[in-house]
Amino acid sequence: MTAPNRDARPPRFLDQVEDSSQLAMGAKIQVWGGPETGKSHDAYENLPRPLIVVDSDVSAGLFNDDRFEGFKRLGPDKIPDLETLVAFLDEFTSDPRWYKSYRSVLIDSLTQFVDPKVAELGIDNSSASATAQVEELQGGARSRALAEQGRAQADWARIAKELTRLIRKVSALGVNIYVVAEERTRFVGNRPGDGEEGSKSSLSPKKFTHAFDLILQKSTKGDVVVRKTRYRKFAKDQKLSGYRAARDLAPILTGAEQKTAGLDDFDPATTAHEELMDLLKALGSDVKGGKIPFARMREYLALAKNNDAAESEIRKVLNELKRTYGSAERAA
């Protein structure tokens, strides 16, 4: 029998090599606000196509007309809960038939997934009544309630960590991901309510922050507060009147808007990594009139960008920096 000629095998990877100029991060954006503020409209109007929509709000039909380019949809019958959303994002980021076919993912809204989950786990911190009930218990009952609460918090932390990892991975594959989060007004019991009795959502501009490059809070269609930004064109807590997504957001979604110097490759794995970067920016290096010696600053910046570093290690360095040089508030 003649041995196979290994040299005659067709190359598997030669035609699949990508030039570095083809590699780009997709934008990671959360838009948060009350009803009728244009959160979804801005997405359907400006997200680059092809677009896949996770339509938990069942609102995609409002945007299926001649005003907008077409899109594909997965409704709540296909993705009914947070665990299924995580499974979908895992499949999307693992199969090139997904991420090579779409330029944008819209989750509308993440609140519809998160609120039922935290209500199920009984861990929504906006529930004053739930906290009071635990505090009123005595002895063993209180210990069991606290242990159960601890297990629920651990379950939530695991799901939240996986969700943020996958949001970041979608972006790393060059796909934009736009997440709508709803503002609710008041918490009632341990379940989401409606209307004036609506619950305070588990989502806010202070949750999942390290997963996003930009977090906008909308009070009306044209009034926006920039709660977080890694882009040069905005400042944190900047108030924008006369906001128009076609003018202000579209350049970010198309990759035309640059990120702040030093943040082009910054994609923190944990909240601690982002807190460290924010503190370093606030304190500054001594060569630019700041507090931290330049050589040490380079070491700290490398650590902030090291996603293999454990959160506990980052927290330790954060505390050391605050003791040595002061907090960001004092630096400001």
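The values are calculated or read from the model by the stated rules, or taken from the named source; none is laboratory data. A quick note: this is a predicted structure, and the numbers were derived from the prediction, not measured. Heavy atoms of the whole protein, side chains included, go into the accessibility calculation; ligands, DNA and RNA do not. Shrake-Rupley method; radii C 1.70, N 1.55, O 1.52, S 1.80 Å.
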Checklist entry - Once the piece of chain linking Asp286 and Glu299 is laid out straight, how much longer is it, given 0.36 nm per residue of separation minus the C-alpha distance between them? => result 3.3 nm
Checklist entry - In Å and whole numbers, how far do the C-alpha atoms of segment 252-306 stretch along each principal axis, longest first? => result 37, 24, 15
Item to check | List Leu121, Leu214, ordered by accessible area with a 1.4 Å probe, largest first | outcome: Leu121, Leu214
Checklist entry - In square angstrom, rounded to the nearest 10, how much accessible surface does Ser109 have for a 1.4 Å probe? => result 0 Å²
Item to check | Protein-only accessible surface order, largest first, of Tyr300, Tyr44 at 1.4 Å | outcome: Tyr300, Tyr44
Next on the checklist: Given a 1.4 Å probe and heavy atoms of the protein chains only, how would you sort Glu120, Glu311, largest accessible area at the top?
Outcome noted: Glu120, Glu311
Checklist entry - Using a 1.4 Å probe on the protein chains only, how many percent of the accessible area of segment 242-331 belongs to carbon and sulfur? => result 48 percent
Item to check | segment 292-331 and segment 82-99: distance between their alpha carbon centers, rounded to Å | outcome: 34 Å
Next on the checklist: Probe of 1.4 angstrom, ligands and nucleic acids ignored: what's the accessible area per residue over segment 247-303, in square angstrom?
Outcome noted: 49 Å²
Checklist entry - In square angstrom, rounded to the nearest 10, how much accessible surface does His273 have for a 1.4 Å probe? => result 0 Å²
